Amino acid sequence: MAAQIHEAHRQTEHRIWDPDAETLPREDIEALQLERLRELVTRVARVPFYRDHFAHREIGPHSIRSLADVRRLPLTTKDDLRRQHPFGFLAVPRKALARIHGSSGTTGRPTFVAYTARDLETWSNLCARFLVAGGLRPEHTAQVAFGYGLFTGGFGLHYGIERVGAAIIPAAAGNTRRQIEIMRDLDPEVLICTPSYALTIADSARELGIDPRSLPIRFGHFGGEPWTEDMRREIEDQLDIAAFNNYGLSEIIGPGVSGECPERTGMHIQEDHFLVECLDPETLEPVPEGEPGELVITTLTREAMPLIRYRTRDIARLYREPCACGRRTTRMSRVTGRTDDMLIIRGLNVFPSQIEEALLRVEGTTPHYLIEVSRPGTLDEVHVKVEIRPEIFSDRMDRMQTLCERISREINTVAGIRAHVDLVEPRSIERFVGKAKRVLDRRDLGE
Ligand code: DLL
């Protein structure tokens, strides 16, 4: 069913917001990137962090003869940003700022991100590009259920929708029952939020005795957190919509770094504004095309806070072959994990997304789960709590036991670890209005 909805959507909704920029031939994209990279090297020399680095190594625009020369430039990390808190990375006078956002701050002290009026203009256009790629039209109404505030999700998408000319319902995250009432009153065709919140909305509708498939939403743009292909199917089935993925991070701009077209074979990176490398996180050498690596992003046009080779910690793959939609930009796969949410279980690297993938392969499970890691003695133990569908939940111990074993086997196949699986009652795991928290690491690793 979900596949049919998507196919119908794909056939009717193929449009490009900025064809000149989005369908540039490969050579032209790269020529533009090179020109912008050279100009950037001149611009960031105003930032002490880069100026000092360049001075030591005699780096200047002359050092950049090809795009590969980006590797002569320094990497920038979140810690570098923290050390220069709040505005050591500004490349324009403070009075030139038009807006300040903040990173979500889930891992340590939050950092601020600054925008000039032109940065905001660029940002709206970049969001408009992926929104239109996924089917947004001026005649639509979109409900934005992202947080509005320092988080970039709400305002970023808001102005992107406005740029396209569609109507916006700035519902913001939370108050889920109200979200459903608003949908029923105002008939928005489009939902914008995190993928986990889309499922929370579906759940809440069922609790109210409303079939989530009867809600007016026809398609949604989801991002801000990792999700799997199986989770996409869940969202599409539960809400009877087509679901599109979009990616971004506040340090770089917010949402708008990349997003899916109707082909859904990866997210198109907006390469006229971002130069993306995919590196082995250990050796920092580029990985072969199509292999997973850490995305490292250079902002080619940001004015207020341009960053060179920012280590995103996000693991994904890059593909450069042309897409059937006509865009020639590099595409990125889903983010399969972060180098810093990677769990090391008895020496094995495990990403929460692998556990999700395993769970959703077993019929009767839901995408609501919690991974608990502990170390009672010297060895790590993993418990995965997973909600099962009400119709599957049963008093028959033997049935439940068989299901646990199947899930455990599946986790072993996908992630290579042995996990204890606890089936829990429907709705006993916390629901999220923003980014979901799926891991509870109780180990004291002494780091
Ligand atoms: O989450 C920006 C955003 C808002 C993107 C709304 C898309 C939609 P931060 O709070 O700085 O910014 O978090 C950025 O979230 O490094 C990824 O780890 C993760 N992330 C964002 N989008 C995706 C996605 C926003 N589509 C961090 N898939 C990033 C997987 C994602 N992870």
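Residues L120, L150: which one is over 28 Å from A8 (Cα atoms), without any contact (Cβ under 8 Å) to a residue 60 or more places away in the chain, assigned by TED's automatic domain parsing to the domain that holds E263 and touching a His at 6+ places or on another chain (Cβ under 8 Å)?
Details: L120 fails: touching a His at 6+ places or on another chain (Cβ under 8 Å).
Testing whether each residue is over 28 Å from A8 (Cα atoms), without any contact (Cβ under 8 Å) to a residue 60 or more places away in the chain, assigned by TED's automatic domain parsing to the domain that holds E263 and touching a His at 6+ places or on another chain (Cβ under 8 Å) leaves just L150.
So how many residues does segment 82-111 have that are within 15 Å of the ligand (Cβ to nearest atom) and at pLDDT below 95?
Residues in segment 82-111 being within 15 Å of the ligand (Cβ to nearest atom) and at pLDDT below 95: 11 in total.
Consider segment 175-228. How many of its residues are within 13 Å of the ligand (Cβ to nearest atom) and in contact (Cβ under 8 Å) with a residue 60 or more places away in the chain?
10
Name the one entry in L307, L318, L370 that is buried (at least 18 other Cβ atoms within 10 Å of the Cβ) and either within 30 Å of L423 (Cα to Cα) or in the same structural domain as A419 (by TED's automatic domain parsing) (or both).
Just a single option satisfies the conditions, and that option is L370.
What's the number of the only condition in (1) within 22 Å of F351 (Cα to Cα); (2) in a loop (DSSP other than H, G, I, E, B); (3) small (G, A, S); (4) more than 24 Å from the chain's Cα centre (by Cα) that S408 fails to meet?
Unmet for S408, out of (1) within 22 Å of F351 (Cα to Cα); (2) in a loop (DSSP other than H, G, I, E, B); (3) small (G, A, S); (4) more than 24 Å from the chain's Cα centre (by Cα): (2).
Just give me the residues in segment 127-148 being of a type outside the set (D, E, K, R), more than 11 Å from the ligand (Cβ to nearest atom) and more than 17 Å from P188 (Cβ to Cβ), in sequence order.
Within segment 127-148, A128, A133 meet the criteria.
Does I161 meet the test of being among the hydrophobic types (A, V, I, L, M, F, W, C), modelled with pLDDT of 95 or more, within 16 Å of the ligand (Cβ to nearest atom) and outside the structural domain of F274 (by TED's automatic domain parsing)?
Against the criterion (among the hydrophobic types (A, V, I, L, M, F, W, C), modelled with pLDDT of 95 or more, within 16 Å of the ligand (Cβ to nearest atom) and outside the structural domain of F274 (by TED's automatic domain parsing)), I161 does not qualify.
Filter the helices (runs of 4 or more DSSP H) completely within segment 15-73 down to those with at least 3 residues that are of a type outside the set (F, W, Y) and touching a Pro at 6+ places or on another chain (Cβ under 7 Å).
Passing ranges, in order: 26-43.
Pick out, from segment 126-229, the strands (runs of 3 or more DSSP E) lying fully within it that include 2 or more residues that are surrounded by fewer than 21 Cβ atoms within 10 Å (Cβ to Cβ).
167-169
The values are calculated or read from the model by the stated rules, or taken from the named source; none is laboratory data. Just so it is clear, the structure is predicted and the values come from calculations on it, not from any experiment. Heads up, the Cβs are rebuilt from the backbone with ideal geometry, glycines too, and the neighbour counts pull from every protein chain shown.
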